[in-house]
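Below is one structure, written out as structure tokens, with a few remarks after it.
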Amino acid sequence: MLKQRIITALILLPIALCGFFLLEGSGFALFIGVVVTLGAWEWARLAGFEAQPARVVFAAVVALLLFGLHIFPDLAPWVLGAAVLWWAAATFFVLTFPKSAVHWSSIATKLVIGLLILLPAWQGLVLIKAMPLGNWLIMAVMVLVWGADIGAYFSGRKFGKRKLAPKVSPGKSWEGVFGGLLLSLLITAAVGVVRDWSASQMFAALVGAAVIVLISVVGDLTESMFKRQAGVKDSSNLLPGHGGVLDRIDSLTAAIPVFAVLLWMAAS
């Protein structure tokens, strides 16, 4: 399994880095669109579609919607606004699972939720990419999420006692969340010192980083919640040793649109 994971990572990493940082404009939008469309194919399974034709149709619908968003960029504020509302609701659903399943257990509702997860993730990345220092901003949100994951893993193993959401993901603890948050805040503070941020800039960055880390945890738990309800371990087996696309981007689907909204607010 470890060998398989390493081989898959060695193949995917250069592809991902080239796609994120070398492509621009429509090429970048298409690259991210392919990833999101694969995620849509996986989501259809979590929503209850076992037959391949139905899953392919949902993925095709998502691809068409992404094309529409690319043609009509003025829809971006509405898409990101819907994402903020969804992730607020998702926080409630995760904390109250399994009772909350009564609100979202129908196939139609889960398909709509899939749109609220996938479309804003694409939209957020496209908007961030177009900003000044777009590549660095994309790297920033990824480092925050990865830092939170690493910090949560080690602090959770060392100190984890209080379960975060035992009915959703029994392995996660509050101590892990706090450890991941601390590491991400330290990374943010270090960047601020190197870039000589003012006190107000540092404060805003630390608050923003905390929001991103916490919502990334919700993103992770949300996919776990839907996988548990669907009775599956991984979203698919597209990535040998790693599960599916959604298993790799679940935290980012929440972090990216919220990060884009925060950047908009900071610029206004």
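Values quoted throughout were computed directly from the atomic coordinates according to the rules given, and no laboratory measurement underlies them. Note that the coordinates shown come from a computational prediction; the quantities given were computed from them, not determined experimentally. Note: ideal-geometry Cβ built from the backbone for every residue, glycine included; neighbour counts use all protein chains shown.
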Exercise. If you place +1 on the Cβ of every Lys and Arg, -1 on the Cβ of every Asp and Glu, and leave all else neutral, what size is the dipole of the stretch 2-267 about its Cα centre, to the nearest 20 Debye?
Worked result: 900 debye
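Just to check, using Stokes-Einstein with a Kirkwood Rh over alpha carbon pairs, what's the diffusion coefficient of the stretch 2-267 at 20 °C and 1.002 mPa s in µm²/s? The partial results should precede the final answer.
Working: Rh = 19.0 Å.
Translational diffusion coefficient: 113 µm²/s.
So which trypsin sites (Lys or Arg not before Pro) in the stretch 103-184 pass both tests, a DSSP loop state and at most 16 other Cβ atoms within 10 Å of the Cβ?
Numbers: sites: K110, K129, R157, K158, K161, R162, K163, K167, K172; in loops: K161, R162, K167.
In loop regions of the stretch 103-184 (DSSP not H, G, I, E or B), the sparsely surrounded trypsin sites (Lys or Arg not before Pro) are K161, R162, K167.
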For this session: Exposed loop GluC sites (Glu not before Pro) only (DSSP loop, at most 13 other Cβ atoms within 10 Å): please give the longest stretch of the chain free of them, not including the sites.
Result: 51-268
Exercise. Counting only residues 5 or more places away or on other chains, whose amide H sits under 5 Å from the amide H of S173 once H atoms are built in the peptide plane?
Worked result: L164
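So if R0 is 30 Å, what FRET efficiency would K161 and S105 give, r being the distance between their Cβ atoms, rounded to the nearest 0.05? Kindly include the intermediate steps, with their values, before the conclusion.
Details: r = 32 Å, r/R0 = 1.05.
Between K161 and S105 the formula returns 0.40.
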Exercise. Any idea what the alpha-carbon Rg over 2.2 N^0.38 Å comes to for the stretch 62-176?
Worked result: 1.29
For this session: Normalising by the residue count of the chain, find the relative contact order in percent from Cα pairs under 8 Å and 6+ residues apart.
Result: 24 percent
Exercise. Quick one: Karplus J couplings for the stretch 247-259, per residue in order, coefficients 6.51, -1.76, 1.60, θ = phi - 60°, nearest Hz, x for Gly and Pro?
Worked result: 5, 8, 10, 4, 5, 5, 4, 8, 5, 5, x, 5, 4
Seminar exercise, completed: Total charge of the residues flanking K227 in space, meaning their Cβ is under 9 Å from its Cβ, with Lys and Arg +1 and Asp and Glu -1, is -1
Problem set entry | Lys/Arg +1, Asp/Glu -1 at C-beta; the stretch 2-267 dipole; positive extreme among A205, I187, F21 | I187
Exercise. Taking the Cβ-Cβ separation of V56 and N237 as r and a Förster radius of 22 Å, what is the calculated FRET efficiency to the nearest 0.05?
Worked result: 0.85
Seminar exercise, completed: Per 5 angstrom bin, beginning at 0 and ending with the bin that holds the maximum distance, the Cα pairs of the stretch 126-175 fall in percents of 5, 21, 17, 15, 11, 9, 12, 9, 1
